[in-house]
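The structure under discussion appears below in the form of structure tokens.
The values are calculated or read from the model by the stated rules, or taken from the named source; none is laboratory data. Model, not experiment: these values are computed from the prediction. Cβ coordinates were reconstructed from backbone atoms using ideal geometry, including for glycine residues, and neighbour counts include every protein chain displayed. These area figures cover heavy atoms from the full protein model, side chains too; ligands, DNA and RNA do not enter into them. Shrake-Rupley method; radii C 1.70, N 1.55, O 1.52, S 1.80 Å.
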Amino acid sequence: MAVSQFIPEIRIGYLYTYWGPLGFVLAVTICREAVDDLRRHKRDREVNSQKYKRFVSADKPPESVSSSKLRVGDIIMVEKDERVPADLILLRTSDKSGAVFVRTDMLDGETDWKLRLAVPATQKLATHGELLNVNASLYVEKPQRDIHTFIGTYSKLGGTEDEGLNVENTLWANTVVASGTAIGIVIYTGSETRSVMNNSQPRSKVGLLDLEINGLTKVLFCAVIGLSFAMMCLKGFNGPWYRYMFRFVLLFSYIIPISLRVNLDMGKAFYSWQIQNDDEIKGTVVRSTTIPEELGRMSYLLTDKTGTLTQNEMIFKKIHVGTAAYGRDTFPMVSAAIQSVYGTISTPADASPEAPAPDYQPKLRKPDGWRIWESVKALALCHNVTPVYETNGGGGSGVGGGGGAGGSISSSSSGAERRQSPARSISVEAGEPSGSAVKPPTEKTYQASSPDEIALVKWTESVGLTLVQRDLNTMTLQIRDATRESLMKYQILQTFPFTSENKRMGIIVREVNGGEITFYLKGADVVMSGIVQYNDWLAEESGNMAREGLRTLVVAKKVLSEDQYNDFMMRYNAAKVSVTDRVTKVAAVIESLEREMELLCLTGVEDRLQERVRPTLELLRNAGIKIWMLTGDKLETATCIAKSSHLVGRNQSIHVLKSVLTRTDAHLELNQFRRKQDCALVVSGESLEVCLQYYQPEFMELATACPAVVCCRCSPTQKAQVVSLIQKYSGKRTCAVGDGGNDVSMIQQADAGIGIEGREGKQASLAGDFSIPQFSHIARLLIVHGRRSYKRSAALSQFVIHRGLIISTMQAVFSAVFYLSSVALYQGFLMVGYATLYTMFPVFSLVLDQDISANIAITYPELYKELSKGRSLSYKTFFMWVLISIYQGGVIMYGALILFEDEFIHIVAISFSALILTELIMVALTIRTWHRLMVIAELFSLLLYIVSLAVLHEYFDWEFIWSWDFLWKVLVITLVSCLPLYILKFLRKKFSPPSYSKLS
């Protein structure tokens, strides 16, 4: 339409009447997008220009290159606290053992440190420079998404044996070196790195309000075409009718308000600013300014459990050893039993003082409390926890290293400069008796890949068996009894890490003194029940603990002979270098060990609830929001947390969907559930998969009607699938909240994604549309800010539409009266000024309006239910505004024509003045709670118009403006256009008040 104004035959007025508003709208939008793009570009440039040391020649020092210049095959050095720029195979580390710790929170959402190992052949080289002279090749698999597996082979040319490489020999891009220095060879860069391949493209989210306004805009467009066609029918299709038709389309184009997009965008920016500056929810960040209104329309809230509803802080609560259970009150008995057993099996008085105390020899009779002793020892040995000691200066941390023949355990920095810390070293000199007192360092922390493991090791320390040192090959425990402290040393032969597939973790250790080889295994009861020897208590007790809301772990052991171990290692090493089906072959070899193991104990740890979770969930439930908990935890634990957090109401029953494997099972279970009323549903990931495969519509119909749903054993892809199914089958708005990397896909799929900055890093927080520091902030975010954003945007958009409709109605009346001429009623600046200077500030001040205070919204969350019905902006309210616009436009135009003098300029003056006054009064009638800025906006606009009357002689007759004639005619027309609407509003408020007004 703006471009058409370059053609003289169809030009309506001055070019700037069309190009001015269009240019302004585009400028605002472009500037907002440009700011976002510039920020993104700046962040990208910072990351891409980060410098790293690259080795180019054996006899030259490494050169400094930016990360964007790195190529596959480059050998680079990554220092402590530096981000890894590409996927690397770890060749050497500053630690002699070849170990280095990395933080992976930006990759998998876990904050705990992970151990990575250098390729043994390259770690043995004398200097870093020799890496460039080694005649060897690397085989690596093709790029793929899985961050937990890797298959590669290191082959020395002319060598006898290849070395198999796995995920422990890799450093993935975006991880951070936590201790020491790492040197690695680049194997994948750019879009082939694991971290980039795992980034799903975030979808561009459009709010429901925007979609509704788009629908209304289509109706308005049809109205423009219809009105123009009606005018042509009255005029007759003679002459160049298509030219007249197009001129009418141009004249009535103000029905489609071009300023609506700008007003809404500025409104959204203001709501986002308000959310971020709310003292009640400090730390909240709005990352997507396009959808704050969505928060006011939520029907489903999907939440993760660990770290979101619970604190991801584990406390050891219970241990069951088959014959007895020990809880918090009886832990001193465990401590006493350990000391008693250790006293009976420790070194006799005449033994050599140099030898540390041996472990219990199985040939002797088992003393009382033997099972407790074995259980605690298994918990102290079977894990991947490393004690870390702070260095003297506090500038870095070091892993408890050392542990040589003399038994010294020193706290040393793992950085480039390794320095001894005499004040905090533990040493047992060769000449000292083994029972001498050993003082542990003052500041010791534990690092592990799971908080459960740290809870177990801290508990063994509290009962007297402390992990004091661990490196790649050795582990040292310290036992404390009434008179002495002694060290027990173990050699680590093999570790089998925990994965989500195997659900268990194993370790093979050899006791340094006695030489006994023991295989320890711990894992979920579902897996372990088939591995341990027959017993009659495990299933019952694990069920009991889960009902208390505890996470359970089964611990077992198996003593191996030297021949058994050697046979296993031969098969295991052969499987590790296999190029095809390596994972399957390795798993099969490990499983050959996991048979008929001796069951030691069952442990239970508890995950603490987040602060104010219960009142928050109750508020949301009362607000009519249905809550779904999607978690990877086991069924009993998830059910228990659902009850204790009040996710499920006190008066609601819970239906647990039995394990479903076939179509028939699913059919029977769904029929059984259909008969229940007001009942929360608990379903496992496997059963969910089967139900969705065969009975997707039926299952979703039942589940979406439930007051609460718990899905346990859920994978990240299942979480996202559940969100999209709710959107598809209910048509309602969904909100997802989580704190870890495994929640990102769910957060991105939901209509509004909320990330919590938790212990599991910032991945969820950065992926979310909104970021909050704690779960309890969600209530205020939805119930207060969501309500305000939606209500204000609805009022603002309807008012902007009204502003366009009223002037188009006046144009239609004017054209109809003056012989259907396609001439503009208001020329040039008046048209531009109407939509900007004269009405912009009062109309935009509607973003400050509020129907109820924040306190009332929180006290009566039931008011939120109304919002999901979308009554604030609907076709009903839209057509009411259309009628108001037609009435007011007609009254102003006909009034001006009836009362006008003999000149056309007087019609313009009277009608335009009445129009501006009407708009200002309509804004005042729409406002529910006055704000001082609203009053200023109204007065400023009125004053600006009065000044314009005096200045714009081209449009207004100066003498006529200052006459009483002009004043009374404008006031009468304005009164007739506004008074009936005020009366109707007053009567409606008196006889049919909205629900919130009764509370105000």
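The table below lists the values:
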{"read-out": "C-alpha long axis of helix 904-926 to longest principal axis of the chain, angle in °", "value": "40"}
{"read-out": "10 Å binning of all Cα-Cα separations within segment 804-905, expressed as whole percents from 0 upward", "value": "12, 29, 28, 17, 10, 4, 0"}
{"read-out": "Taking the C-alpha atoms of segment 76-182, convex hull volume expressed per residue in Å³", "value": "98"}
{"read-out": "Residue list for segment 727-747, given a label point 7 angstrom along the Cα-to-Cβ vector of Arg287 and an amide N cut-off under 13 Å", "value": "736-747"}
{"read-out": "MRE, 222 nm, helices only [DSSP H, n ≥ 4, -39500 (n - 2.57), over the chain, to nearest 500]", "value": "-13000 deg cm²/dmol"}
{"read-out": "Solvent-accessible ranking of Cys712, Cys31, largest area first, probe 1.4 Å", "value": "Cys31, Cys712"}
{"read-out": "Surface/4 estimate of mean projected area, convex hull on alpha-carbon atoms of segment 111-150, nm²", "value": "4.6"}
{"read-out": "Phi-based couplings in Hz for segment 720-734 (Karplus 6.51, -1.76, 1.60; Gly and Pro marked x)", "value": "5, 5, 4, 4, 5, 5, 4, 4, 6, 8, 9, x, 9, 8, 10"}
{"read-out": "Hz values of 3J(HN,Hα) by residue in segment 287-301 - Karplus curve (6.51, -1.76, 1.60), Gly and Pro given as x", "value": "8, 10, 7, 8, 10, x, 5, 4, 4, x, 10, 6, 10, 10, 10"}
{"read-out": "Thr310 long-range amide H proximity, modeled H, under 5 Å", "value": "Gln610"}
{"read-out": "Calculated on alpha-carbon atoms, Rg and Dmax of segment 540-593 in Å", "value": "17.0, 46"}
{"read-out": "Relative contact order %, the chain, counting alpha carbon pairs below 8 Å whose residues are six or more apart", "value": "13"}
{"read-out": "Principal semi-axes in Å for segment 182-283 [√(5λ), Cα gyration tensor, largest first]", "value": "51, 24, 11"}
{"read-out": "Segment 220-317: trypsin sites (Lys or Arg not before Pro) in DSSP coil with no more than 12 other Cβ atoms inside 10 Å", "value": "Lys282"}
{"read-out": "Solvent-accessible area per residue, Å², over segment 859-1000 with all protein chains present [probe radius 1.4 Å]", "value": "57"}
{"read-out": "Between helix 635-644 and the chain: long-axis angle, C-alpha atoms, 0 to 90°, nearest 10", "value": "60"}
{"read-out": "DSSP beta bridges in the chain [antiparallel fraction, %, rounded to 5]", "value": "75"}
{"read-out": "Cut-off under 5 Å, modelled amide H: who pairs with Leu465 long-range", "value": "none"}
{"read-out": "Inter-probe distance in nm under a simple model that places probes 7 Å from Cα toward Cβ, at Met333 and Phe986", "value": "8.1"}
{"read-out": "5 angstrom amide H check on Leu560, placed H, neighbours 5+ away", "value": "Ile517, Thr518, Phe519"}
{"read-out": "Square roots of five times the Cα gyration tensor eigenvalues for segment 121-254, Å", "value": "73, 16, 13"}
{"read-out": "Per-selection metrics, segment 843-955 (Cα): Rg and Dmax in Å", "value": "18.9, 62"}
{"read-out": "Diffusion coefficient, µm² s⁻¹, Stokes-Einstein with Kirkwood Rh over alpha-carbon pairs of segment 179-220 at 20 °C and 1.002 mPa s", "value": "143"}
{"read-out": "Whole-number Å³ per residue for the convex hull built on Cα positions in segment 436-591", "value": "161"}
{"read-out": "Proportion of all alpha-carbon pairs of segment 220-349 beyond 18 Å (%)", "value": "79"}
{"read-out": "C-alpha center-to-center spacing [segment 713-759, segment 224-248] in angstrom", "value": "52"}
{"read-out": "Over segment 1-156 - Rg/Rh using Cα atoms and the Kirkwood inverse-distance radius", "value": "1.31"}
{"read-out": "Label-point separation in nm, Ile345 to Glu548, each point 7 Å along Cα→Cβ", "value": "2.6"}
{"read-out": "For peptides 189-198, 828-837, 986-995, sequence by mean Cβ density within 10 Å, most packed first", "value": "828-837, 189-198, 986-995"}
{"read-out": "Ordering of 460-467, 86-93, 554-561, 774-781 by burial proxy (mean other Cβ atoms within 10 Å per residue, highest first)", "value": "86-93, 774-781, 460-467, 554-561"}
{"read-out": "Selection of GluC sites (Glu not before Pro), segment 891-979, meeting DSSP coil and at most 11 other Cβ within 10 Å", "value": "Glu903, Glu954"}
{"read-out": "Cα-based Rg / Dmax (Å) for the chain", "value": "37.1, 129"}
{"read-out": "Chymotrypsin sites (Phe, Trp or Tyr not before Pro) restricted to segment 172-248 and DSSP loop, no more than 13 other C-beta within 10 Å", "value": "Phe237"}
{"read-out": "Cross-link pairs Lys53/Lys142; Lys503/Lys719; Lys791/Lys969; Lys80/Lys317; Lys728/Lys791 - those with Cα-Cα distance over 31 Å", "value": "Lys791/Lys969; Lys80/Lys317"}
{"read-out": "Three semi-axes of the equivalent ellipsoid, segment 42-107, Cα gyration tensor, whole Å, largest first", "value": "20, 18, 10"}
{"read-out": "At 0.692 mPa s and 37 °C, Stokes diffusion of segment 609-767 via Kirkwood alpha-carbon radius, µm² per second", "value": "205"}
{"read-out": "Using alpha-carbon coordinates, inclination of helix 613-622 to the longest axis of the chain, degrees", "value": "40"}
